[in-house]
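Down below is the structure, laid out as structure tokens.
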Amino acid sequence: MTQGKKRIVSGMRPTGPLHLGHFFGVLVNWVRLQAEYDCFFFVADWHAMTSEYADPRMIKGFVPELVKDWIASGLDPEKCVIFQQSRIKEHAELHLILSMLTPLSWLERNPTYKEMRQELIQKDLNTYGFLGYPVLMASDILMYTPEAVPVGQDQLPHLELTREIARRFNHLNGELFPEPKALLTEEAKLPGLDGRKMSKSYGNGIYLSETMDQVRPKVMGMLTDKARMRKTDPGDPEVCNLFPYHRLMTDAAKCAEIREGCLAASWGCVDCKKLLIESMERFLGPIHARRAALEGDPDRLMSILARGNDRAREFSRRTMRRVRERLNFQYDL
Ligand code: TRP
């Protein structure tokens, strides 16, 4: 960590493997931010429990996998602090304290809360913990007194609540928590294999942990321009599901060539897919190599997490000392 750099905090729930949608939507951004900020990135395993409380045993397995996906994507544990939420008990303490001063009405009107409850209708989310999700999130964030929080659009209401909670704490107890800004990450630039949003529940993703042998048939089966029935029909890269992939993984000159070829029908979808596979091999090569190195050295992964947890804990302890002082809840021993 470098003195004087601004700080950011962000987290992800360990509920499954990450796909290319996460990579281009979130991780590219995180990797870029490492150079500019002191970054705290954490695995939000307690947050995963809000929806997985009935079977929390699966969460544990996803924790190291998530960290592997992050490092494979280019997060550098020398440059950022990577840690696990549940290992820093201070988050739970701050959550409890903030829950005391958070009005119920703020939580009940949260649009993300209403949406998620409807979306996950098969899970009973009528719990105290789920309603308090944003309070836990506020604790994760305020603990590290960050300048900003990189989040997607869907998390904005939560971040606004964090700011409101900070303001209320400051108002009641004196200025302690700066209000963090949102560093908005752009909307996903990559559709799923079938053209819908890339999502685990649609089964239309390419995962960072997949081998090229698993990826190749997926690419060959991808949906292209539906109106292009024969190779001799001209296609339209703007409606084709493959082209956004080329845009992100194939170099610009080649992309221009593909575009021409498609519009002029001098180039078929199978050719286009084969070329995408080549681009992916090049693009995913370093990601796969970094993951393989971690797979072969489990001790390294554990020591990265242990070191990150230590650094996060040290920071959290300092924050909590200040919080307790404000509340006159210092420990005597
Ligand atoms: N709610 C976030 C999500 O679902 C995960 C998260 C938990 C988070 N705590 C956070 C993100 C703090 C940013 C900062 O993706």
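The values are calculated or read from the model by the stated rules, or taken from the named source; none is laboratory data. All values derive from a computational prediction rather than experimental measurement. With ideal geometry, Cβ positions are generated from the backbone for all residues, glycine too; neighbour counts draw on all protein chains shown. Ligands, DNA and RNA are stripped out before the accessible areas are found, and what is left, the full protein with its side chains, is counted by its heavy atoms. Shrake-Rupley method; radii C 1.70, N 1.55, O 1.52, S 1.80 Å.
Before I look further, what does the chain give for accessible area per residue, probe 1.4 Å, in whole square angstrom? Before the final figure, lay out the partial values.
Details: 16720 Å² over 333 residues.
For the chain, the solvent-accessible area averages 50 Å² per residue.
For the chain, which whole-number percentage of the solvent-accessible area (1.4 Å probe, protein heavy atoms only) is attributable to carbon and sulfur atoms? Walk me through the numbers before you get to the answer.
Working: 8950 of 16720 Å².
After summing per-atom areas, the C and S share lands at 54 percent.
By how many nm would the segment from residue 128 to residue 115 grow when fully extended, if each residue of separation counts as 0.36 nm and the alpha-carbon distance is taken off? Don't skip to the answer; put the middle values down first.
Details: separation 13, 0.36 × 13 = 4.68 nm, distance 1.65 nm.
Taking 0.36 nm per residue and subtracting the Cα distance, the gain is 3.0 nm.
When a/c reaches 1.5 or more, the comparison of a/b and b/c decides; with that in mind, is the range 212-292 rounded, prolate or oblate per its Cα gyration tensor? If you can, show how the numbers build up before the last one.
Values: a/c = 2.69, a/b = 1.80, b/c = 1.49.
It comes out prolate by the Cα gyration axes.
Classify the range 4-53 as rounded, prolate or oblate, taking a ≥ b ≥ c as the square roots of the eigenvalues of its Cα gyration tensor: rounded when a/c is under 1.5, otherwise prolate if a/b is larger than b/c and oblate if not.
Working: a/c = 4.41, a/b = 1.52, b/c = 2.89.
Oblate, because a/c is 1.5 or more while a/b does not exceed b/c.
Sort the following peptides by mean Cβ neighbour count (other Cβ atoms within 10 Å, averaged over residues), highest first: 172-178, 161-167.
Numbers: 172-178: 14.0, 161-167: 20.3.
My ranking of the peptides, most packed first, is 161-167, 172-178.
Using the structure shown, list the pairs from 68/226; 60/274; 5/68; 181/273 with a Cα-Cα distance above 32 Å, or answer none. Write down the numbers at each step before the final one.
Values: 68/226 37 Å; 60/274 38 Å; 5/68 26 Å; 181/273 41 Å.
Going by Cα-Cα distance, 68/226; 60/274; 181/273 fall outside the 32 Å limit.
Tell me what the chain gives for mean residue ellipticity at 222 nm when only DSSP H runs of n ≥ 4 count, each as -39,500 (n - 2.57), the sum divided by the residue total, rounded to 500 deg cm²/dmol.
Numbers: 14 runs with 177 residues, N = 333.
Mean residue ellipticity, 222 nm, calculated: -16500 deg cm²/dmol.
Using R₀ = 30 Å, calculate the FRET efficiency as 1/(1 + (r/R₀)^6) where r is the Cβ-Cβ separation of residue 270 and residue 248; round to 0.05. Could you put the intermediate results ahead of the total?
Working: r = 21 Å, r/R0 = 0.68.
It comes out at approximately 0.90.
Using 7 Å Cα-to-Cβ label points, what is the residue 282/residue 186 separation (nm, one decimal)?
Between residue 282 and residue 186, the simple spin-label model gives 2.0 nm.
Net charge near residue 268, counting Lys/Arg +1 and Asp/Glu -1 over other residues with Cβ under 11 Å of its Cβ? Each step should come with its number before you reach the end.
On the way: positive: 228, 230, 231, 273, 274; negative: 233, 271.
In short, +3.
Summing +1 for each Lys or Arg and -1 for each Asp or Glu, what net charge is found among the other residues whose Cβ lies under 14 Å from the Cβ of residue 168?
Local charge sum for residue 168: -1.
Quickly rank 194-202, 134-142 as a protection proxy: mean count of other C-beta atoms within 10 Å, highest first.
Numbers: 194-202: 14.3, 134-142: 24.9.
Ranking, from highest mean packing down: 134-142, 194-202.
Measure off 7 Å from each Cα along the Cα-to-Cβ vector at residue 311 and residue 231, then give the distance between these two points in nanometres to one decimal.
5.3
Could you calculate the contour length gain from residue 197 to residue 35, that is, 0.36 nm times the residue separation minus the distance between their Cα atoms, to one decimal place in nm?
So the extension gain works out to 55.3 nm.
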